[in-house]
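The values are calculated or read from the model by the stated rules, or taken from the named source; none is laboratory data. Since we're looking at a predicted model, the values are computed, not measured. Reconstructed Cβ throughout: ideal geometry from the backbone, glycine too, with neighbour counts over all protein chains shown.
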Amino acid sequence: MAEWLPAIVIFIYLAVVLYIGIFAFRKGKSTGEDFFLASRSVGSIVFFLSLFATNMTAFAIIGSSGMSYRTGIGVFGMMATSSALVIPLTLFFIGTRLWALGKRFGHMTQVAYFRDRWECSEIGTFIFLLTAAMMLPYLIISIVGGGTILEALTDGRIPYAVGGAIVALVVMGNVFFGGMRGAVLVNVFQTLLFLSFGVIAFSVIGHKINFTETVGKMMGNPAQAALLTRAPSTAPGGPPGIPWQVFLSYILIPLSSIMFPHMAIMCFTAKKVTAFKKTVVLYPLSIMLIWLPCVFLGAIAVSQPKINAAMAGGSETMRAWIEHPDQHPEPALIKALAKVKGGPEFRSELLASREPPTPPQFAAKLFAIVNAIKAPDTKASIVKEIGALARSNSDSVLLQTLKLNVGPWLAGILAAGIISAVMGSDCHQILALSTMFTKDVFDFYGGRKRFGEKGTIIVGRTFIILANLAAYLIALRRPQIFELAVQYAFSGFASLAPVMIAALFWKRSTKWGALLAALWVAACIVLTAYLESHYRPLKAVVPPVDIHIWDLGTHWALFLNKAGQLRFFGWMTVVPMVIGSAVFMVIGSLLSSPPSSETLDRYFPRRGLVVQSGVLRRQTATPAR
């Protein structure tokens, strides 16, 4: 029964989330604006809590800890610091202006604003299709995170596919019934939960493993010290560190925040513009409370043999071989163990058991065998193989750290904090896709006129089901959370930031510039996906090295790094994507005619003109007092 306690706590939490959606359904109104924007009535504190939860995903907790396990605490400076600076600035300069325009003209989505601002129709539809396609990886991340958490907490008793389905159904139920009001109320509850997660987890685990002693030992080990410093490791088998080009590339990643449809739509929900003030101040502090514990716990887990062994035992390679030894090659770890005392018995025991051992059970057995080995070289080679398997399962590091260092009840509560971050954004992502499809396609092409207000809500709810189903089916392949988010979702939306900036602040910008920029972004994403899928199979037959694709003179212009990620002169693909998007936005705008003077006067009123209730009027003189 004890092994089910964490899962029981999670199910109680999920039941509360579902109830909040049903409660919001009872309190809501039968209008599209209430379902999609909560009637633009969200107050300051609720706005901040909901907006922050909207931007927190499995990427921020599971992905960051997994990345720091592989490369070190530099992940905090690379992602968290840049996010804490860039995101509040975009909310202040872009979010407030979007709110004002939405209030003035009734816009509910970015595409609706672009269509009105640039007098475009089909181009707006293309931008919708592009943003919807780039939103899908973000939805997948949330389902992957939920399935990973439930599987790890129950040691596989709840399979990954079932766990992901449970999370997807609860999120879908909340949004289906509660709409934006349900998503906002859930996020208030969830933000408070996962903000407290970091403090509790850091304190309890720190007391259990003694942070001071652990860090001291890591600094004395050349292969592990690099995880706690900025310098890349030079020791054999050490972490590769973070190249400076990649580190600087991440400065552009947070630009994606304001371009995510769910973040932009949240900006439209604020009751007053003053709601943005608290958000700009509190956002960096909240970023620190979430990222710092996760990144630090992920990095120091490398020095914990039992955690490494548990992660190795839960890896796809190990579990697949144990379940079907005739269909999968024997892992290098098992071959290495077979050469030492206890190895053959360990292999026979694994294959003879009716059920695969749970990660903690595997860790306990493996730890005993390795601890008994006296030869330093033999032990080092086995530890290296354990580390390789553990790195392939790095997204589970935080959960295994919790399970091995806290009691089952507390593990369940802390895991609820983790899963709340996973689901906090998922609700808004699905609702954003539904809002975009309903408003930017269904309503725009006459659906609302034919089927009325209730028909609009029905279509929105139907789209919620279909989008969730598609994301779940893709999530069954278990893609790496961090890489999936950065390579496609974050990079793509960050590259559309020049389009939003031009629309808001450059009077001369046109729809043709926006189209060229959007086409450039789409082409870059397709090319990245093709090159990575085409060249990545080569890694199965060669050692993990950079794979050359195209050079310019003596420089490698385009290549895949050791992790199979595309690089441009060492820079992440987001850099040429953002620069190219800005260049095409400018070129396309200068080579085409600007929108009509009437439209420009509405969005950039000349002196003597004002916009009242979305209509351009001549300003009347105010009598002197």
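Summary table
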quantity	calculated
Residue match in the stretch 356-366 (condition: more than 24 Å from Leu404 (Cβ to Cβ) and within 33 Å of the chain's Cα centre (by Cα))	no
Filtered residue count, the stretch 104-115, keeping only those that are touching a helix residue (DSSP H, G or I) at 6+ places or on another chain (Cβ under 7 Å), in a helix (DSSP H, G or I) and over 10 Å from Ile258 (Cβ atoms)	6
Residue in the stretch 367-416 that is nearest to Gly313 (Cα to Cα), counting only those that are among the β-branched types (Val, Ile, Thr) and in contact with a Gly (Cβ under 7 Å, 6 or more places away or on another chain)	Val397
Candidate set: the stretch 271-289, residues that are aliphatic (A, V, I, L, M) and crowded, with 22+ Cβ neighbours inside 10 Å; chosen: the one nearest to Ile200 (Cα to Cα)	Ile287
Test: residue in the stretch 107-128 that is among the aliphatic types (A, V, I, L, M), crowded, with 23+ Cβ neighbours inside 10 Å, at negative phi and modelled with pLDDT under 85	yes
Residue in the stretch 341-354 that is under 31 Å from the mean Cα position of the chain (by Cα), under 19 Å from Ala320 (Cα atoms), among the aromatic types (Phe, Trp, Tyr) and not assigned by TED's automatic domain parsing to the domain that holds Ser65 present	no
Helices (runs of 4 or more DSSP H) wholly inside the stretch 1-80 containing at least 2 residues that are touching a Ser or Thr at 6+ places or on another chain (Cβ under 6 Å) and modelled with pLDDT of 70 or more	44-55, 64-71
Test: Val340 is at pLDDT 85 or above, out of contact with any Asp or Glu (no Cβ under 9 Å at 6 or more places or on another chain) and not aromatic (Phe, Trp, Tyr)	no
Residues within the stretch 367-406 that are within 23 Å of the chain's Cα centre (by Cα) and either without any contact (Cβ under 8 Å) to a residue 60 or more places away in the chain or surrounded by fewer than 21 Cβ atoms within 10 Å (Cβ to Cβ) (or both), tallied	2
So Arg567, is it more than 19 Å from Gln245 (Cα to Cα) and modelled with pLDDT under 90	no
Out of Leu527, Leu515, sole residue that is surrounded by 17 or more Cβ atoms within 10 Å (Cβ to Cβ) and either in contact with a Ser or Thr (Cβ under 7 Å, 6 or more places away or on another chain) or at pLDDT 85 or above (or both)	Leu515
Filtered residue count, the stretch 193-245, keeping only those that are in a helix (DSSP H, G or I), modelled with pLDDT of 75 or more, surrounded by fewer than 16 Cβ atoms within 10 Å (Cβ to Cβ) and not β-branched (Val, Ile, Thr)	11
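Residue by residue, here is whether (1) farther than 21 Å from Met172 by Cβ; (2) basic (Lys, Arg); (3) at pLDDT 80 or above holds:
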residue: Val441; (1), (2), (3): no, no, yes
residue: Val459; (1), (2), (3): no, no, yes
residue: Leu469; (1), (2), (3): no, no, yes
residue: Val486; (1), (2), (3): yes, no, no
residue: Ala489; (1), (2), (3): no, no, no
residue: Gly492; (1), (2), (3): yes, no, yes
residue: Leu504; (1), (2), (3): yes, no, yes
residue: Ser509; (1), (2), (3): yes, no, yes
